[in-house]
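> For reference, the structure I am asking about is given below.
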Amino acid sequence: MNSPRPKLPAALAHLAVERSFGSGEAVFRMGAAARHVHFLAEGRVTLSRFGPQGEEVAIHAARAGEFFAEASLHSERYHCTAVVTRSALVASIPSDELRALLHTDAEFAMQWLTIVSRQLRQARTRVERLCLKSARERVRHLLLTEGSGATHRFALHVTIKDLAIDLGLTHEALYRTLASMEREGEIGRDAAMLVLLK
């Protein structure tokens, strides 16, 4: 389950300040001055807003290797709260320096556009997955869209509990679904990998 730590683009590495966060700590809170864009090197961070009755609504779960709070490039304040749900290493890039780099370095600007476009496609795919009704459909969709190779091999870089959150399921429902799919020969699995067999 160990994999190389995701790296920032070279043009940003010297601008970033890394900080470790424990589970439950906030990277930033809604309404705070938006002075940084953040890159998640390790761990997990959930971005949330609050509904009309004060209920917390998760709007995104950032994975290792993803940027979050990109909107701070064009906003004075954060529009959500980012809380660490598994111990995290976060690289923070000053928004004004990132904006300047986008204006002066055309090659990096294209790289940034590619990164943000990829993250948007991934987010749309996750929304599409969450619209599927059954747990089995969501697992198949995950393997078909994010797995690699002919057998759609999906490396488990997170725990089953974290994967269940990504799929909008309870971990009990996901355990039952995976066991059923494996028993019926639909998938193969071990501690590090899921494979679509049919």
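FYI, it's all coordinate maths here, none of it is from the lab. A quick note: this is a predicted structure, and the numbers were derived from the prediction, not measured. FYI the Cβ positions are ideal-geometry reconstructions off the backbone, even for glycines, and counts take in every protein chain you see.
> If we count every other residue with Cβ under 9 angstrom of Arg86's Cβ, Lys/Arg +1 and Asp/Glu -1, where does the sum land?
Around Arg86, the surrounding residues sum to -1.
> Under 1.5 on a/c is rounded, so check that first for segment 48-161, then, if it is not, pick prolate when a/b is larger than b/c and oblate when it is not; a ≥ b ≥ c are the square roots of the alpha carbon gyration tensor eigenvalues.
Taking the square roots of the gyration eigenvalues as a ≥ b ≥ c, segment 48-161 is oblate.
> For segment 1-91, taking Cα atoms only, what is the radius of gyration to one decimal and the Dmax to the nearest whole Å?
13.2, 44
> Of Val139, Trp112, Phe154, which is farthest along the charge dipole of the chain in the positive direction, counting Lys and Arg as +1 and Asp and Glu as -1 at C-beta?
Val139
> Which distance in nm do the two modelled labels at Leu89 and Arg153 give, with both placed 7 Å along the Cα-to-Cβ direction?
So the label points at Leu89 and Arg153 sit 2.5 nm apart.
> Now for a different question. In terms of the Cα gyration tensor, with a ≥ b ≥ c the square roots of its eigenvalues, is segment 126-198 rounded because a/c is under 1.5, prolate because a/b exceeds b/c, or oblate?
rounded
> Moving on. Can you list which of the trypsin sites (Lys or Arg not before Pro) found in segment 73-155 are DSSP loop residues with at most 14 other C-beta atoms within 10 Å?
Lys133
> If you don't mind, there's one more thing I want to ask. Determine the calculated [θ] at 222 nm for the chain from helices alone, applying -39500 (n - 2.57) to every DSSP H run no shorter than 4 residues and normalising by the residue count; nearest 500 deg cm²/dmol.
My calculation for the chain gives -11000 deg cm²/dmol from helical runs alone.
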